[in-house]
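Colleague: Next up is a structure, given as structure tokens.
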Amino acid sequence: EKRILAIIGALTNGDRDEHNLRALIVDMAKEIRHRGPDWSGVYVSHFENYTSILAHERLAIVDPVGGAQPLTSSNQKIALSTNAEIYNHEKLKQELAETHPFKLKTGSDCEIIVHMFESGKSGVDLARSLDGPHAYVMINSETGIVLAGRDHMGIMPMYWGYRRKDNAVVFCSEMKGLHTLCDEFWIFEPGSITQFKVGSGPDGVRAGMKRYYNPIWWDLSFLPSNPADLSKIRNTLEMAVNKRLMADVPFGVLLSGGLDSSLIASLAVREMDKRIKQGIQHKNAFIALEKLHSFTIGMAHPETGEVTSPDILCAREVAKFIGTVHHEFNYTIQEGIDAIPHVIKSLETYDITTIRAGIPMYLLARRIKAMGIKMILSGEGADEVFGGYLYFHKAPNPSEFHQETVRKVQGLHYYDVQRANKAMAAAGVEVRVPFLDKQFLDVAMMLDPKEKMINESTQNIEKYVLRKAFDDSKNPFLPESVLWRQKEQFSDGVGYQWIDLLKEHANSMISDSDMTGVEAEFAYNTPRSKEGLYYRRIFNSVFPGKHAALTLPANIASTVACSTPKAIEWDEAFKQSQDPSGLSVIDVHAKRRKLNNGN
């Protein structure tokens, strides 16, 4: 397959100067070539007086020697540019062939999207049938119809914008590809599609916009009541991991040593071992099934150079237990500080937590790519789904607990999902997140929140039901010490001093007088700390203007330990000390920090 990790779609009104337009789009594509460094492709079509161009930057994950994107129909009239992993592509091909015979041109798991569109399948039905993260732009040059869509959780990023002078509508995987070209631009909302006609401008895009992902639990007024079926939780997550091993290139797993990434690594190892025992041969001669490689990163002590980060120590234990080929890397505070401007540009955010965690993840991504790894599994999403953040200990009742998990899941594309995708993509690595599998979400988000809540009287800790689902004494998935390890946010787990040293650096860069005029400087999402202002100024230097700032939701600074603003109402202490670090919930975290310090 020709995997496109960068989508560019420029639809222009009345401009038949194809040469200049093509050159413009190629220049745009260069801005995000880090996402797809393997190859580039361009498709040009004309409908009435309009010129349409699709471009893509390829990261080859499946069928590296197969056909190029944009993918096209047999008559070349329909073209698709997509960043997608369609895990059920074989099933979709079989189903479509029964009613609309077609001939495949490539081995891509994404080509089926073209044939489904060609068969007349509606945009909503098409999107709902896709199992796997995706973002795409597709055009029919005979009818002038354009279909664009994004997956249910926004795992694959996508933006869209508008250029007034030629009524152009532009789509791109990252903001940096369109922010200088467009007068206005926005996030393309997850779980949505739009179908419109070339030349209809932004009004046409908005008129054609529809949500296709509307599970019953998405509604905050709904309170689920399903009892915990531990076997179902375990089996559904196993399937989510197994389907994500679809790759024809070397891959690995991020291993922080926490519960989430450790479970994903353990499940991946078991599936790979099973395939080897069954004698399953990989269809691609370039890759053979072997031991899974795992990766972790931590900050070395700034004075002694000693490795003290919780992540490094626990990941080492997990890797030995499950049998991965483990690689651990350290970074210094200065290396982290040096990376800040590039990380902010890469992640396209000014959110404090995203940047704190994004720096070590970006540094790790570079190390992973240098070792020849092109795809990585990761554990994002579990904390949002199961209420794993430490502040959930303060949830007053099941209803509030569940509503907060829904709010957190709905906002993932602004934060952890964006961090994971863009930090890895900055080095040309694809990240896959099994906890956000559609089928797994349907199981986990329909659990009675009483099954997820922290019950101090029975010594339940966060994500108890997930831990219990994988608590197998006869064939353990993980060491007991890790299966029941308390939550560490990634930015905390790489080393407790990391956050303190970041704050110290920001304080040295931002003066007290800078803070006095901060509201006039940034009226939207006004920074509340020197660290926040430091990041915001860097962001604004790369992405100036209100539309870039508006790609993050309002009140992002109103948080404690990664909570939404609503959850601050749970505890009076939250209102007094708002910091995104898990250490801000000090009464919950104190015992774990004391143990980490060896006391």
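The values are calculated or read from the model by the stated rules, or taken from the named source; none is laboratory data. Please read all numbers here as calculations on a predicted model, not as lab measurements. Here the Cβ positions follow ideal geometry from the backbone for every residue, glycine too, while neighbour counts run over all protein chains shown. For the accessible areas, the whole protein counts, side chains as well, though only heavy atoms, and no ligand, DNA or RNA atoms are used. Shrake-Rupley method; radii C 1.70, N 1.55, O 1.52, S 1.80 Å.
Colleague: How large a share of the accessible area of region 200-327, in percent, is made up of carbon and sulfur atoms when the probe is 1.4 Å and the other protein chains stay in place?
Modeller: The C+S portion of the solvent-accessible surface of region 200-327 is 54 percent.
Colleague: Please compute the net charge surrounding residue 465, taking Lys and Arg as +1 and Asp and Glu as -1 over other residues with Cβ under 13 Å from its Cβ.
Modeller: +2
Colleague: Just want the answer: with Cβ charges of +1 for Lys and Arg and -1 for Asp and Glu, which residue in 342, 240, 330 is farthest toward the dipole's positive end in region 202-343?
Modeller: Value: 240.
Colleague: Give me the lysines in straight-line cross-link reach of residue 503: C-alpha distance below 29 Å, same-chain residues under 8 apart excluded.
Modeller: Cross-link targets: 176, 345, 394, 408, 422, 487, 530, 546, 566, 575, 591, 594.
Colleague: In addition: Take the Cα pairs of region 166-258, get the Kirkwood Rh, then feed it into Stokes-Einstein at 20 °C and 1.002 mPa s and tell me D in µm²/s.
Modeller: 118
Colleague: Of 171, 154, 115, which is farthest along the charge dipole of the chain in the positive direction, counting Lys and Arg as +1 and Asp and Glu as -1 at C-beta?
Modeller: 115
Colleague: Stokes-Einstein diffusion coefficient for region 330-381 at 20 °C in a medium of 1.002 mPa s, Rh from the Kirkwood formula over Cα pairs: what value in µm²/s?
Modeller: It comes out at roughly 181 µm²/s.
Colleague: Would you mind giving the average projected area, over all directions, of the Cα convex hull of region 91-243 in nm² with one decimal?
Modeller: Result: a mean projected hull area of 12.2 nm².
Colleague: Sticking with this one: Can you give the helix-only mean residue ellipticity at 222 nm for the chain, where every DSSP H stretch with n ≥ 4 adds -39500 (n - 2.57) and the sum goes over all residues, rounded to the nearest 500 deg cm²/dmol?
Modeller: The helix-only estimate for the chain comes to -11000 deg cm²/dmol at 222 nm.
Colleague: A further question on this structure: I need the peptides 429-435, 235-241, 217-223 ranked by packing, meaning the mean over residues of other C-beta atoms within 10 angstrom, with the highest value on top.
Modeller: In descending order of packing, they fall as 429-435, 235-241, 217-223.
Colleague: Could you give the accessible area per residue of the chain, probe 1.4 Å, as a whole number in Å²?
Modeller: 38
Colleague: Evaluate 2.2 N^0.38 Å with N set to the residue count of the chain, then give the Cα radius of gyration divided by it.
Modeller: That works out to 0.94 for the chain.
Colleague: Now for a separate question. For region 524-568, what relative contact order do you get, as a whole percent, if you take Cα pairs closer than 8 Å and at least 6 residues apart?
Modeller: It comes to 39 percent, rounded to a whole number.
Colleague: Run the numbers for residue 514 and residue 90: contour at 0.36 nm per residue of separation, minus the present Cα-Cα distance, in nm.
Modeller: Stretched out fully, the residue 514 to residue 90 stretch lengthens by 146.9 nm.
Colleague: Tell me, how many Å apart are the Cα centres for region 418-458 and for region 198-253?
Modeller: The distance from the Cα centre of region 418-458 to that of region 198-253 comes to 10 Å.
Colleague: Determine, for each peptide in 43-53, 136-146, the mean count of other beta carbons within 10 angstrom over its residues, then list the peptides with the highest first.
Modeller: So the order, starting with the most tightly packed, is 136-146, 43-53.
Colleague: Could I get the Rg over Rh figure for region 214-275? Both from C-alpha atoms, Rh via Kirkwood, rounded to two places.
Modeller: 1.09
Colleague: Let me spell out the model: positive unit charges on the Cβ of Lys and Arg, negative unit charges on the Cβ of Asp and Glu, origin at the Cα centre of region 200-338. What dipole size does that give, in debye rounded to 20?
Modeller: Using Cβ point charges on Lys, Arg, Asp and Glu, region 200-338 gives about 920 debye.
Colleague: Moving on. Tell me, what is the FRET efficiency for residue 103 and residue 303 to the nearest 0.05, using R0 = 56 angstrom and their Cβ-Cβ distance as r?
Modeller: 0.30
Colleague: Here's something else I'd like to know. Hey, got the dipole for region 35-174? About the Cα centre, +1 on K and R Cβ, -1 on D and E Cβ, debye to the nearest 20?
Modeller: 380
Colleague: Regarding region 365-438, what whole-number volume in Å³ per residue does the convex hull of its Cα atoms give?
Modeller: 87
Colleague: Note down the magnitude of the dipole of the chain about its Cα centre, charges +1 on Lys and Arg C-beta and -1 on Asp and Glu C-beta and zero elsewhere, to the nearest 20 debye.
Modeller: 880
Colleague: Hey, which aspartates and glutamates would be in cross-link range of residue 232, C-alpha to C-alpha under 16 Å, not counting anything within fewer than 8 residues on its own chain?
Modeller: Here the aspartates and glutamates satisfying the reach criterion relative to residue 232 are 437, 442, 448, 451, 471, 472.
Colleague: Turning to a different aspect of this structure: Please give every one of the lysines within straight-line cross-link reach of residue 105, meaning a C-alpha to C-alpha distance under 25 Å, and leave out same-chain neighbours fewer than 8 residues apart.
Modeller: 2, 77, 91, 93, 121, 243, 283, 374
Colleague: Could you give log10 I(q)/I(0) at q = 0.15, 0.19, 0.22 Å⁻¹ for region 25-114, computed by the Debye formula over C-alpha point scatterers of equal weight, without solvent?
Modeller: The calculated log intensity ratios at q = 0.15, 0.19, 0.22 Å⁻¹ are -0.63, -0.94, -1.15.
Colleague: Going highest first, how would you order 122-132, 343-353, 224-234 by mean Cβ packing within 10 Å?
Modeller: 343-353, 122-132, 224-234
Colleague: Quick check: at a probe of 1.4 Å, how many percent of the accessible area of region 352-403 sits on carbon and sulfur atoms?
Modeller: Here it works out to 45 percent.
Colleague: With contacts defined as alpha carbon pairs under 8 Å and 6 or more residues apart, what's the relative contact order of region 167-256 in percent?
Modeller: Taking the mean separation of contacting Cα pairs over the length of region 167-256, I get 18 percent.
Colleague: What nm value, rounded to one decimal, do you get for the distance between residue 44 and residue 317 when each label is placed 7 Å out toward the C-beta?
Modeller: Once both label points are built, they end up 6.1 nm from each other.
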